[in-house]
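Notes to accompany the following structure.
The values are calculated or read from the model by the stated rules, or taken from the named source; none is laboratory data. This one's a predicted model, so the numbers in the text were calculated from it and none came from an experiment. Reconstructed Cβ throughout: ideal geometry from the backbone, glycine too, with neighbour counts over all protein chains shown.
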């Protein structure tokens, strides 16, 4: 028996006389990492271990968690205290273990501090060839996480996942101010494809120096995959069964109806190969499955965990997610947007003229529930006939995400990884630009 | 933690590294949310983490551990990583004098950690009820967050310090139908008592939100404005403060040249400090995460750069002293040069006089969100009021201010006499780093011209 399962079982024993049902989740994380910047390169390694406890007591659910020093009796006491203020328990924990065959990809074992150092030096060399004043900072962390879910009804499940989290930041002083770009992504088997990193990180660093004043109004806007992922946050929130229960989901009663542009197929893929958020079962131990959220723009259904499913008298979709010691909620995992099979890889050329948004600095004032958004984009690029002509600072986009995603004019033909998602460039008509 | 501190001291005596450090951190985070009639709480989620950091022949390396019995092994692992490292050597850090001391938050009132969860939950519900009653329609939400941090830093110079921080915040949020939002945060360090007796302020928040209902739109363009102390603080922290964090400048020599000591970044009335010794505020610290004592650092004096914010390493690079601004944002992370309590110093002009100079401009109050893109910033303002002949006239729909920070600081015409500090437990983030508690503020300031959208 794995050491983690023994610890989990001991915590469950401590709950026996004080709870109706109990569930334990555990995370063990072994990692190596490198922090890289123009001045230094620092290697690190380490491990983290944490346990979360959820229990039902007097018909209410309580939660608690600990990282590092684990005291199972303290954990139980805190969870009892949490039950007093917790929500009602409307469901039972599963009484079966997920059927899961572990296939560990061992390729992560070949990644070493030296190989990551070489990778980052090569990336820096390529960037310096483009502009000698570019300054690259990066952090790459790789390792294997193990997840455990056990409950007092007999569930006992564990899986291992390799994960490589990378972030890159580039700065450049220019005549019109300082330029900065950032790009984060997570993979599971290999270091990020260098060409993709270069394309994403260099995109906002366009060296055009012409400031083009642009009149406010409706415009064609091309979102880079990084910016597109921010736009999709409202959709991530909107498909949650919890929002439906609260009565605030804009997708209520829209199942089977055309909600978004016919060119958009959005999926939640917890079984995606090389997906950083992939998992064979969710944080309640329910088996996951790939789901299409919008098929050619038609909304297909909500995501549920055990609680939201019980409240709506339906089944969990295996979408429970939570941080250690927190209450469960339905969440998306790896979001993918199908790329165009007929479009070209040059979304700007296909769009013709408009504004290119490479990052969204702030979504302050946006409402993920209703889908209304106000995005401060900082510097955006003005393009005509597919070519960037100049920049525009202080750009603010506003509108409603669902309206915007109904007005897709061009979808890119290539997906890029953004955090754990796979997204193409997208061109949207008539976005309000100030 | 005291016994783990003693173990760390013993382990340290065996280190043969040029410099070695053990950092232990125990945190407990509790969250209570009251949204209408629904309540939810999380935690306390406790976390213990330790990090061994060494420098050998100019090369840094670190090893993170989860249990104190791994301390000795962690030191060996970090040393092995440093010896194997192929990175170029860096300059040896400036080490502050050895210090052995302990500081525990103790005020006249009751520390946050001693207050039972039910009392925190009750206060959230009480305030949420009051806020809900003060708005005719819409939703009210009160969220209480608490982080108790117990940190120990032991290093090979003989330093052994321990600091216990009680950090708490209460976020009061009301949303009217149509999306008009009021969001107010009280953040503190120390006693729970300071969250009490806020009834009058809570009711006022609701009333003011009701009075802001408007559909009047002010035309975008360059405007003369007054910013309230919260917006001044946000401008100082987000748009300026991050630029003088020396590790950022170390990686960007061209920008460091632009922001060299003595260069002008603001008008004569602009003076900015970072003061980590304001112990009642969440950004404060007695010692930073390298064990350097906290201090007051004058960043801008009469519009000119006076100093940057330093860690031990950046201080060595720039041949100065560490300023006590090394902060860790994530377990096992590298100390970064980060702000603590950063504010613009106040002037002598009362707000009423500033309004007269504003003439027919805009009065801006509160912060909804915002971000910086290096020296450019944009800030979504919560409340905007037109001012006619120096008198507040009518509310207009919330707007966004943006620009280049040095242009804005140079166009500050006058500063008020009403310094006010705000803060947040999760108020400061940098790309790739997690949030840290900070305090920010300033007086009302009059700006001759700023882009308003």
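Give the number of residues within the range A:62-83 that are in a strand (DSSP E or B), touching a residue at least 60 places away in the same chain (Cβ under 8 Å) and either in contact with a helix residue (DSSP H, G or I) (Cβ under 6 Å, 6 or more places away or on another chain) or more than 10 Å from chain B (Cβ to nearest Cβ) (or both). Spell out how you get there, then give the answer.
First, the residues of the range A:62-83 that are in a strand (DSSP E or B): A:62-67.
Filter once more, keeping what is touching a residue at least 60 places away in the same chain (Cβ under 8 Å): A:63-67.
Narrowing further to those that are either in contact with a helix residue (DSSP H, G or I) (Cβ under 6 Å, 6 or more places away or on another chain) or more than 10 Å from chain B (Cβ to nearest Cβ) (or both): A:63-64, A:66.
Selection size over the range A:62-83: 3.
Taking the conditions (1) part of a helix (DSSP H, G or I); (2) out of contact with any helix residue (DSSP H, G or I) (no Cβ under 7 Å at 6 or more places or on another chain) in turn, residue B:147 satisfies each one other than (1).
In the range B:205-232, how many residues are farther than 16 Å from residue B:385 by Cβ and part of a helix (DSSP H, G or I)? Residues flagged as farther than 16 Å from residue B:385 by Cβ and part of a helix (DSSP H, G or I) within the range B:205-232 amount to 3. Can you confirm whether the range B:310-317 contains a residue that is surrounded by fewer than 18 Cβ atoms within 10 Å (Cβ to Cβ), touching a residue at least 12 places away in the same chain (Cβ under 8 Å) and more than 19 Å from residue B:152 (Cα to Cα)? No, the range B:310-317 contains no residue that is surrounded by fewer than 18 Cβ atoms within 10 Å (Cβ to Cβ), touching a residue at least 12 places away in the same chain (Cβ under 8 Å) and more than 19 Å from residue B:152 (Cα to Cα). Filtering the range B:322-378 to residues that are assigned to a loop (DSSP other than H, G, I, E, B) and farther than 30 Å from residue B:54 by Cβ leaves B:345, B:346, B:347, B:348, B:350, B:359, B:360, B:361, B:374, B:375. Among the conditions (1) more than 18 Å from the chain's Cα centre (by Cα); (2) part of a strand (DSSP E or B); (3) touching a residue at least 12 places away in the same chain (Cβ under 8 Å); (4) buried (at least 18 other Cβ atoms within 10 Å of the Cβ), residue A:161 misses just one, which is (1). Applying the criterion of being at pLDDT below 90 and part of a strand (DSSP E or B) to the residues of the range B:178-204, the residue that is farthest from residue B:280 (Cα to Cα) is B:181.
Can you tell me which residue in the range B:66-77 is farthest from residue B:22 (Cα to Cα), limited to those that are at pLDDT 95 or above and within 8 Å of chain A (Cβ to nearest Cβ)? By that ranking, first place goes to B:77.
Can you tell me how many residues in the range B:36-48 are within 9 Å of chain A (Cβ to nearest Cβ), in contact with a strand residue (DSSP E or B) (Cβ under 8 Å, 6 or more places away or on another chain) and farther than 15 Å from residue A:325 by Cβ? Qualifying residue count, the range B:36-48: 1. Residue B:189 passes every criterion in (1) within 14 Å of chain A (Cβ to nearest Cβ); (2) closer than 30 Å to residue B:53 by Cα apart from (1). Is at least one residue of the range A:264-285 assigned to a loop (DSSP other than H, G, I, E, B), touching a helix residue (DSSP H, G or I) at 6+ places or on another chain (Cβ under 7 Å) and touching a residue at least 24 places away in the same chain (Cβ under 8 Å)? Yes, because at least one residue in the range A:264-285 is assigned to a loop (DSSP other than H, G, I, E, B), touching a helix residue (DSSP H, G or I) at 6+ places or on another chain (Cβ under 7 Å) and touching a residue at least 24 places away in the same chain (Cβ under 8 Å).
Is it true that some residue in the range B:124-135 is more than 29 Å from residue B:287 (Cβ to Cβ), in a loop (DSSP other than H, G, I, E, B) and modelled with pLDDT under 90?
Within the range B:124-135, the first condition is being more than 29 Å from residue B:287 (Cβ to Cβ), and the residues that meet it are B:124-135.
Narrowing further to those that are in a loop (DSSP other than H, G, I, E, B): B:135.
Restricting the remaining residues to those that are modelled with pLDDT under 90 gives B:135.
Taking every residue of the range B:124-135 in turn, at least one turns out to be more than 29 Å from residue B:287 (Cβ to Cβ), in a loop (DSSP other than H, G, I, E, B) and modelled with pLDDT under 90.
From the residues in the range B:251-279 that are part of a loop (DSSP other than H, G, I, E, B) and in contact with a helix residue (DSSP H, G or I) (Cβ under 8 Å, 6 or more places away or on another chain), which one is modelled with the lowest pLDDT?
So the first thing to find is which residues in the range B:251-279 are part of a loop (DSSP other than H, G, I, E, B), and the list is B:252, B:259-263, B:265-271, B:276-279.
Going one step further and asking which of them are in contact with a helix residue (DSSP H, G or I) (Cβ under 8 Å, 6 or more places away or on another chain), we end up with B:259, B:265-267, B:270.
Details: B:259: 91, B:265: 94, B:266: 95, B:267: 96, B:270: 97.
The residue in question is B:259.
For the range B:296-321, the set of residues classified as part of a strand (DSSP E or B) and closer than 25 Å to residue B:279 by Cβ consists of B:296, B:297, B:298, B:299, B:300, B:301, B:309, listed by residue number. Only one of the listed residues (A:402, A:381) is more than 11 Å from chain B (Cβ to nearest Cβ) and in a strand (DSSP E or B). That residue is A:381.
Could you tell me whether residue B:236 is in a strand (DSSP E or B), assigned by TED's automatic domain parsing to the domain that holds residue B:441, under 30 Å from residue A:38 (Cα atoms) and at pLDDT 90 or above?
On the way: in a strand (DSSP E or B): no; assigned by TED's automatic domain parsing to the domain that holds residue B:441: yes; under 30 Å from residue A:38 (Cα atoms): yes; at pLDDT 90 or above: yes.
Considered against the rule, which asks whether it is in a strand (DSSP E or B), assigned by TED's automatic domain parsing to the domain that holds residue B:441, under 30 Å from residue A:38 (Cα atoms) and at pLDDT 90 or above, residue B:236 comes out as no.
Could you please find all residues in the range A:286-298 being outside any loop (DSSP other than H, G, I, E, B) and out of contact with any strand residue (DSSP E or B) (no Cβ under 7 Å at 6 or more places or on another chain)? Within the range A:286-298, A:295 is the sole residue that qualifies.
The number of residues in the range B:382-433 being in a helix (DSSP H, G or I) and within 14 Å of chain A (Cβ to nearest Cβ) comes to 4. One residue stands out among those in the range A:384-398 that are touching a strand residue (DSSP E or B) at 6+ places or on another chain (Cβ under 7 Å) and touching a residue at least 40 places away in the same chain (Cβ under 8 Å): the one that is nearest to the other protein chains (Cβ to nearest Cβ), which is A:393.
Each row is one residue, and each column tells you yes or no for (1) in contact (Cβ under 8 Å) with a residue 40 or more places away in the chain; (2) more than 13 Å from chain A (Cβ to nearest Cβ); (3) surrounded by fewer than 22 Cβ atoms within 10 Å (Cβ to Cβ).
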site	(1), (2), (3)
B:234	yes, no, no
B:270	yes, yes, no
B:282	yes, yes, no
B:288	yes, yes, no
B:301	no, yes, yes
B:304	yes, yes, yes
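Looking at A:251, A:260, A:243, just one residue is buried (at least 21 other Cβ atoms within 10 Å of the Cβ) and over 15 Å from residue A:312 (Cβ atoms), and that residue is A:260.
Check whether at least one residue in the range A:22-44 is closer than 28 Å to residue B:38 by Cβ and surrounded by fewer than 23 Cβ atoms within 10 Å (Cβ to Cβ), and report yes or no.
Scanning the range A:22-44, I find no residue that is closer than 28 Å to residue B:38 by Cβ and surrounded by fewer than 23 Cβ atoms within 10 Å (Cβ to Cβ), so the answer is no.
Being more than 9 Å from chain B (Cβ to nearest Cβ) and closer than 22 Å to residue B:63 by Cβ holds for only one residue in A:29, A:17, and it is A:29.
So for the range A:339-353 (the condition being within 19 Å of the chain's Cα centre (by Cα) and more than 14 Å from chain B (Cβ to nearest Cβ)), does at least one residue qualify?
First pass over the range A:339-353, keeping only residues within 19 Å of the chain's Cα centre (by Cα): A:339.
Checking the rest, the ones that are also more than 14 Å from chain B (Cβ to nearest Cβ) come to A:339.
Yes: the range A:339-353 contains one or more residues that are within 19 Å of the chain's Cα centre (by Cα) and more than 14 Å from chain B (Cβ to nearest Cβ).
Checking each residue in the range A:1-53 for being part of a helix (DSSP H, G or I) and free of Cβ contacts under 8 Å to residues at least 24 places away in the same chain picks out A:3, A:6, A:13. In the set (1) surrounded by fewer than 24 Cβ atoms within 10 Å (Cβ to Cβ); (2) in contact with a strand residue (DSSP E or B) (Cβ under 8 Å, 6 or more places away or on another chain); (3) over 13 Å from residue A:317 (Cβ atoms); (4) modelled with pLDDT under 95, residue A:226 fails one condition alone, (1). Across the range B:360-381, the qualifying residues are those that are more than 7 Å from chain A (Cβ to nearest Cβ) and within 17 Å of residue B:217 (Cβ to Cβ), and the one among them that is modelled with the lowest pLDDT is B:360.
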